[in-house]
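Note sheet for the following structure.
The values are calculated or read from the model by the stated rules, or taken from the named source; none is laboratory data. Keep in mind that this is a model prediction, so the values were computed, not measured. Neighbour counts run over all protein chains shown; Cβ positions are idealised from the backbone, glycine included. Protein only, heavy atoms only, side chains kept; ligands, DNA and RNA dropped before computing areas. Shrake-Rupley method; radii C 1.70, N 1.55, O 1.52, S 1.80 Å.
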Amino acid sequence: MPDVEDSEPEYVEPVFQLNRPEQYMHLSGRSVCHWHKQKTKKTRPRGPYQHSFLSSLMDRGFSGKEKPVVLSSIFRKAVGGLEVSAVSSSHPKSVTCMDVHPSENLLVAAGDKLGNVMLHNFHTSTTISLENAHNTYISDVRFFQSSVLSASYDGLFKIYDLETSVGSVLLESRTDREAITSAFLNADSSCLVAGDNIGRLHSFDARSGFQHVSVSGKLHGGKKITRLHTHPYQPYLVCTGSTEPSVAMFDLRNLTTPIVKLQQDAMITFVEFSPLGDKLLAISKNDALLIWNNLHQMPSATKPLTIKHPIDPKNAFTVPSRGAWYPFHEDIIAIGGMKRDAVDKGCLPSRPVDFFKASTGDKICTLYDSRATTISNILRFH
């Protein structure tokens with residue numbers, strides 16, 4: 001069982017249940033690891049709470065006058081029962097991206113630095129490598145129905161039919177210098193958006209076999225789009241991070257002018273909307289998590305809440321660090337990192353997964369795995 005470092009008072013028995021996924025995936029170097037909740041005696045739920053911490057408060061008629069149970073205490077108990085149940089180390093080089101199948105939650109697609117795309121089945125402990133994937137760094141993999149989509153720095157965007165094992169090219173760059181750097185399906189899965197290294201956004205119609213329907217002009221001053229994410233409920237809203245450095249939001253129906261553009265001090269390596277779409281997380285190369293709360297009220301001059309989060313300076317951003325929002329909740333972020341004080345003292349393990357409260361920046365708890373040899377750059381709840 002992993003060690004959990006508490007940063008708040010001793011656990012208080014909750015008066016309601018928090019709906020939470022009890023498993024998550026992370027990668028550490030060449031390995032894809034599956035964590036799961038240790039089996040315990042089942043207890044009867046204390047209330048009919050099906051969706052979120054917020055809905056449970058609403059069901060109980062919380063008026064704001066009573067003092068609520070500390071969320072971090074509940075969450076520490078959930079995380080404290082997680083342990084690594086399986087590790088797949090099939091990739092010859094560092095894993096660069098990962099996606100969990102939306103219905104088969106023990107089926108994981110992962111890409112690596114050499115262009116391999118592999119399917120890891122943690123239920124059967126098997127790994128399958130997709131033939132003739134790419135020849136260099138995989139920037140993104142996505143499940144879509146019975147297919148896997150992959151984007152690479154070789155300028156190719158491909159789709160693989162998992163039933164026939166047949167792959168086809170959806171987009172091929174015109175020159176060797178063009179690379180697909182990020183891709184994501186929109187809210188209603190009708191469109192897939194991909195970014196490239198010269199600041200353009202590509203749109204693919206998922207309803208017509210991912211036909212390439214449009215490409216924007218050079219956004220972000222023609223600088224590389226490092227990461228993009230579509231809003232979970234607004235199908236035309238997309239957020240991008242770049243090496244300009246800046247964070248911007250665009251309407252896919254009008255890509256000439258950003259809805260909002262926020263200049264930053266360092267290159268942005270990751271952006272992602274929160275599960276309900278009211279917050280935005282960005283990660284910059286200067287070891288900072290940037291969080292914008294209340295996006296619907298956000299003017300362009302809004303400064304983000306900044307959380308300094310140490311990354312190993314010798315291995316910093318070999319694979320860009322990507323955080324993860326806790327599903328069904330707007331206020332918890334998980335990210336892997338480097339615990340420098342542990343390194344300085346010669347203590348192990350030194351590469352934890354930290355959980356933060358997005359609204360305040362406070363650390364909730366820390367999860368350790370003594371077998372982790374590198375930073376857990378990519379996390380996925382499932």
Quick check on my filter: what residues within the range 332-380 are modelled with pLDDT of 80 or more, outside any strand (DSSP E or B) and closer than 24 Å to residue 98 by Cβ? 352, 358, 377
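Table: residues versus (1) within 18 Å of residue 147 (Cα to Cα); (2) open to solvent by 20 Å² or more (accessible area, probe 1.4 Å); (3) modelled with pLDDT of 90 or more.
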| residue | (1), (2), (3) |
| --- | --- |
| 167 | yes, yes, no |
| 170 | yes, yes, yes |
| 173 | no, yes, no |
| 182 | yes, no, yes |
| 186 | yes, no, yes |
| 198 | no, yes, yes |
| 212 | yes, yes, yes |
| 216 | no, no, yes |
So residue 254, is it more than 23 Å from residue 330 (Cα to Cα) and crowded, with 20+ Cβ neighbours inside 10 Å: no
For the range 226-261, which positions are free of Cβ contacts under 8 Å to residues at least 40 places away in the same chain, closer than 17 Å to residue 290 by Cβ and in a strand (DSSP E or B)? 246, 248, 249, 261
Taking the criterion of being open to solvent by 10 Å² or more (accessible area, probe 1.4 Å), within 22 Å of residue 380 (Cα to Cα) and among the polar types (S, T, N, Q), would at least one residue in the range 146-165 satisfy it? yes
Restricted to the range 173-207, and to residues that are assigned to a loop (DSSP other than H, G, I, E, B) and of a type in the set (Gly, Ala, Ser), which residue is farthest from the chain's Cα centre (by Cα)? 173
A careful count of residues in the range 262-285 that are touching a strand residue (DSSP E or B) at 6+ places or on another chain (Cβ under 9 Å) and either within 17 Å of residue 236 (Cβ to Cβ) or in a loop (DSSP other than H, G, I, E, B) (or both) gives 12
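From the list 295, 281, 290, exactly one residue is of a type in the set (A, V, I, L, M), at pLDDT below 90 and within 28 Å of residue 202 (Cβ to Cβ). Which is it? I'd like the intermediate steps shown before the answer.
On the way: 281 fails: at pLDDT below 90; 290 fails: at pLDDT below 90.
Going through 295, 281, 290 in turn, the sole match is 295.
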Restricting attention to the range 142-169, the residues that are of a type outside the set (Ser, Thr, Tyr), touching a Gly at 6+ places or on another chain (Cβ under 8 Å) and under 20 Å from residue 198 (Cα atoms) number exactly 2
